[in-house]
1. Provide a single number: the residues in region 55-74 that are of a type in the set (A, V, I, L, M) and loosely packed, with under 11 Cβ neighbours inside 10 Å.
2. Being touching an Asp or Glu at 6+ places or on another chain (Cβ under 6 Å) and of a type in the set (A, V, I, L, M, F, W, C): is that true of residue 66 here?
3. Only one of (1) farther than 17 Å from residue 80 by Cβ; (2) free of Cβ contacts under 8 Å to residues at least 40 places away in the same chain; (3) charged (D, E, K, R) is not met by residue 47, so which one is it?
4. Do we have any residue at all in region 70-83 that's over 18 Å from residue 27 (Cα atoms), outside any helix (DSSP H, G or I) and β-branched (Val, Ile, Thr)?
5. Mind counting the residues in region 17-49 that are crowded, with 18+ Cβ neighbours inside 10 Å, of a type in the set (A, V, I, L, M, F, W, C) and within 22 Å of residue 92 (Cα to Cα)?
6. State whether the residues of region 30-45 include one that is among the aliphatic types (A, V, I, L, M) and assigned to a loop (DSSP other than H, G, I, E, B).
7. Take residue 63 and tell me if it is within 14 Å of residue 91 (Cα to Cα) and either in contact with a Ser or Thr (Cβ under 9 Å, 6 or more places away or on another chain) or among the hydrophobic types (A, V, I, L, M, F, W, C) (or both).
8. How many residues does region 1-53 contain that are β-branched (Val, Ile, Thr) and either over 16 Å from residue 116 (Cα atoms) or touching a strand residue (DSSP E or B) at 6+ places or on another chain (Cβ under 8 Å) (or both)?
Amino acid sequence: MKVFDWKDYNNLAENIFVGCKKEDPLYEAKLRCVISRAYYAAFCSTKDFLEDRNGRSLGTSHVSVINEARKLECPEGHFINCYLDKLRNIRRAVDYDLNFSGKIESEARFALQKSKEIIGKINNIR
């Protein structure tokens, strides 16, 4: 049985982002989806890594995963903690705020970039 690879959320997000045009009536919805999927690629990859490393479940709390990443004693841990928390805040805004105050296209680009970097950092310390 194949296990789902969380990086596939990044691949999906990137496909949506590349094909997203401002004249598309679903432009904002697509960019919100990009941010959400990029965050979940990074979050789930981090959660799985930390649970494997620590030999215990972290539950479903996003904050507990971010706090656990803070405990990694390496530069990658600080990066993961910092940017996962930033991505979480952006994702919450696009998922729950009707009037998103940010520049959604640049936030989507940022989310994709940082999500890939987080996953890369995880792979570096495995």
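1. As a first pass, look at region 55-74 and keep what is of a type in the set (A, V, I, L, M): 58, 63, 65-66, 69, 72.
Okay, now just the ones that are also loosely packed, with under 11 Cβ neighbours inside 10 Å, so 63.
Of the residues in that region, 1 qualify.
2. Numbers: touching an Asp or Glu at 6+ places or on another chain (Cβ under 6 Å): yes; of a type in the set (A, V, I, L, M, F, W, C): yes.
Judged against the criteria, residue 66 is a match.
3. Result: residue 47 passes all but (1).
4. Filtering region 70-83 down to residues over 18 Å from residue 27 (Cα atoms) leaves 70-83.
The next check asks that each one be outside any helix (DSSP H, G or I); those that pass are 71-74.
Now narrow it down to the ones that are β-branched (Val, Ile, Thr): none.
No, the conditions are met nowhere in region 70-83.
5. The number of residues fulfilling the criteria is 10.
6. No - not one qualifying residue is present in region 30-45.
7. Working: within 14 Å of residue 91 (Cα to Cα): yes; either in contact with a Ser or Thr (Cβ under 9 Å, 6 or more places away or on another chain) or among the hydrophobic types (A, V, I, L, M, F, W, C) (or both): yes.
Considered against the rule, which asks whether it is within 14 Å of residue 91 (Cα to Cα) and either in contact with a Ser or Thr (Cβ under 9 Å, 6 or more places away or on another chain) or among the hydrophobic types (A, V, I, L, M, F, W, C) (or both), residue 63 comes out as yes.
8. Pass one, region 1-53, residues β-branched (Val, Ile, Thr): 3, 16, 18, 34-35, 46.
Subset that is either over 16 Å from residue 116 (Cα atoms) or touching a strand residue (DSSP E or B) at 6+ places or on another chain (Cβ under 8 Å) (or both): 3.
The total comes to 1.
Computed from the coordinates by the stated procedures, all read-outs in this text should not be read as laboratory data. Quantities reported herein were computed from a predicted structural model and do not represent experimental measurements. Virtual Cβ from ideal backbone geometry, glycine too; neighbours counted across all protein chains shown.
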